[in-house]
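Report on the following structure.
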Amino acid sequence: MSEERAIKPQKRRPHRKTRTGCLSCKRRKIKCDEGRPSCEECIHHELTCEYAPSHTASASPNISVGFSSAAPLNIPDLQLMHHFCTSTVLAVHNEPTIRRVWSISVPSLAFSHDFVMHGILAVAALHIAYLRPESRDLYLSQAVIHHQEGLRKATPVLSQFQKQNPSAIYAHSALTLLYTLAGSKHDNAFILGGDADIADWIVLSRQTYSLVRYSDKKLFDGPLGPIFAAGANRAKMHDQLDDEGFKVPQTEHLKQLFSRICETTADDWKRQAYRHSIHELKKVFRVVYSQPWDTLEATDVYIWAYCIQDEFLTLLKEYTQEALVIMAFFAAVPQRFAENKHWLLEGFSMYLISKIYPLIDEQHLPWIEWPLREVGWNPAVDVKMQVDGSQDREVLWENRV
């Protein structure tokens with residue numbers, strides 16, 4: 001071939017070029033499938049998927065677009081979101097890093113996942129109902145509406161945890177747990193449903209934890225990663241205090257309780273389930289009753305729900321007297337938070353005792369004397385909170401302690 005022959009330039013292969021991809025894919029200079037509300041790349045990398053506004057309408061001289069075409073702003077929802085990001089997050093966690101996750105990362109997920117948004121608004125409404133008693137009914141109604149809508153929209157995607165955005169699903173599950181804990185201080189039949197069971201919050205806690213336990217690395221490396229790191233640190237602290245030599249006075253009551261249970265429980269598997277639940281409760285007692293108040297987190301309370309065995313949960317659902325008594329001892333723990341006006345857990349002890357007390361028979365009533373005193377439960381005052389049809393009990397204490 002002659003060197004003087006001119007080399008013909010190769011023609012570029014024709015291709016379709018799009019300029020309508022999301023902003024994230026444009027920044028990363030990768031192809032975008034333009035999925036709505038989130039493209040596959042943003043879902044995979046757990047990024048906020050945003051699109052630039054279309055200029056098609058404004059480019060046409062025959063179409064007039066005015067400000068009147070914009071959808072009206074939902075001011076009540078905007079107020080709830082603002083309150084959540086600036087106030088509610090401060091009442092949920094003490095650690096600044098975790099507060100940033102709740103105020104920045106979780107709302108970012110909500111912009112692409114309606115069920116997370118409704119979860120945020122429901123929790124914020126509960127918080128405002130607590131802070132503004134004069135507007136309590138208004139905000140409780142908003143809380144219920146958003147909670148139910150969030151559950152409705154989340155249900156179809158729960159079975160696709162790994163395929164969908166796992167961070168968004170976990171965020172909704174965690175928000176539902178916060179809603180349940182905070183809602184216990186209000187009209188339970190209205191907020192939590194009339195058929196709410198004493199074990200429901202435990203089941204919900206364990207479901208939330210199972211999302212973490214069986215998740216792949218993507219969840220831990222995602223925007224909620226700091227939450228899981230903080231949770232691992234709290235669990236490590238509980239394990240470090242798992243030492244019979246480290247005593248707090250309150251654990252002696254658990255020791256006496258287990259002795260009583262051993263005397264009255266013949267089945268080995270039941271004794272084992274009770275023993276394990278009391279052992280885990282001792283770890284919670286050692287943390288909550290020994291550490292300075294301002295270092296405690298709500299996680300230090302409901303971590304117990306993660307640790308108990310399935311066998312104990314079965315016994316609790318069957319309302320065995322021993323399981324109910326152990327639950328009453330657990331109910332004393334949130335009271336430490338209530339004494340310091342902790343919004344999330346204030347009223348939770350009373351809620352649990354109001355469910356437990358009517359189910360305890362006369363033989364086991366003396367077993368729960370200590371937790372009743374810790375909580376400040378007065379059967380004479382709180383008898384209206386007993387289940388329908390139950391008989392008034394003999395008043396054990398005339399006044400709250």
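The values are calculated or read from the model by the stated rules, or taken from the named source; none is laboratory data. Keep in mind that what you see is a predicted model, and the values were worked out from it rather than measured. Neighbour counts are summed over all protein chains in view; Cβ atoms, including those assigned to glycine, are modelled from backbone coordinates with ideal geometry.
Which condition number does Gln291 fail, the rest of (1) in contact (Cβ under 8 Å) with a residue 24 or more places away in the chain; (2) closer than 30 Å to Ser210 by Cβ being met?
(1)
Residues that are buried (at least 19 other Cβ atoms within 10 Å of the Cβ), touching a helix residue (DSSP H, G or I) at 6+ places or on another chain (Cβ under 6 Å) and outside any helix (DSSP H, G or I): does the stretch 312-326 have at least one?
No; the residues of the stretch 312-326 include none that is buried (at least 19 other Cβ atoms within 10 Å of the Cβ), touching a helix residue (DSSP H, G or I) at 6+ places or on another chain (Cβ under 6 Å) and outside any helix (DSSP H, G or I).
From the residues in the stretch 70-100 that are small (Gly, Ala, Ser) and outside any helix (DSSP H, G or I), which one is modelled with the lowest pLDDT?
Ala70
Do any residues in the stretch 167-179 that are in the same structural domain as Gln142 (by TED's automatic domain parsing) have Cβ atoms under 6 Å from those of residues that are hydrophobic (A, V, I, L, M, F, W, C) and not in a helix (DSSP H, G or I), where the two are at least six apart or on different chains, and which pairs are they?
Between residues of the stretch 167-179 that are in the same structural domain as Gln142 (by TED's automatic domain parsing) and residues that are hydrophobic (A, V, I, L, M, F, W, C) and not in a helix (DSSP H, G or I), the close pairs are Ser167/Leu224; Ile169/Phe161.
Has the stretch 224-245 got at least one residue that is surrounded by 14 or more Cβ atoms within 10 Å (Cβ to Cβ) and of a type in the set (S, T, N, Q)?
no
If you check every pair at least six apart or on different chains, which have Cβ atoms under 9 Å apart with a residue in the stretch 84-103 that is in the same structural domain as Pro223 (by TED's automatic domain parsing) first and a residue that is small (Gly, Ala, Ser) and not in a helix (DSSP H, G or I) second?
Listed pairs, sorted by first residue: Val92/Ala298; His93/Ala298.
When you go through (1) in contact (Cβ under 8 Å) with a residue 60 or more places away in the chain; (2) closer than 19 Å to Leu372 by Cβ one by one for Ala323, which number turns out not to apply?
The failed condition is (1).
Sort out which residues of the stretch 266-304 are at pLDDT 95 or above, among the hydroxyl-bearing types (Ser, Thr, Tyr) and either over 24 Å from the mean Cα position of the chain (by Cα) or not in a helix (DSSP H, G or I) (or both), and write them in order of number.
The one that is at pLDDT 95 or above, among the hydroxyl-bearing types (Ser, Thr, Tyr) and either over 24 Å from the mean Cα position of the chain (by Cα) or not in a helix (DSSP H, G or I) (or both): Tyr274.
When you scan the stretch 327-345, how many residues do you find that are on the phi < 0 side of the Ramachandran plot and either among the polar types (S, T, N, Q) or surrounded by fewer than 18 Cβ atoms within 10 Å (Cβ to Cβ) (or both)?
We begin by selecting, within the stretch 327-345, every residue on the phi < 0 side of the Ramachandran plot; these are 327-340, 342-345.
Narrowing the set further to residues that are either among the polar types (S, T, N, Q) or surrounded by fewer than 18 Cβ atoms within 10 Å (Cβ to Cβ) (or both) leaves 335, 339-340.
Final tally of qualifying residues: 3.
Confirm whether Arg271 is closer than 23 Å to Ile360 by Cβ and of a type in the set (Lys, Arg).
The answer is yes for Arg271.
Cβ-Cβ distance below 7 Å, separation of 6 or more or different chains: which pairs start in the stretch 61-83 with a residue that is outside the structural domain of Tyr139 (by TED's automatic domain parsing) and end on one that is at pLDDT below 65 and of a type in the set (Ser, Thr, Tyr)?
The qualifying pairs are Val65/Ser58.
Which residues, taken from the stretch 101-125, are over 21 Å from Thr299 (Cβ atoms) and either over 16 Å from the mean Cα position of the chain (by Cα) or not in a helix (DSSP H, G or I) (or both)?
Ser108, Phe111, Ser112, His113, Asp114
Of the conditions (1) crowded, with 17+ Cβ neighbours inside 10 Å; (2) at pLDDT below 70; (3) of a type in the set (Phe, Trp, Tyr), Phe67 satisfies every one except a single condition; which number is it?
Result: Phe67 passes all but (1).
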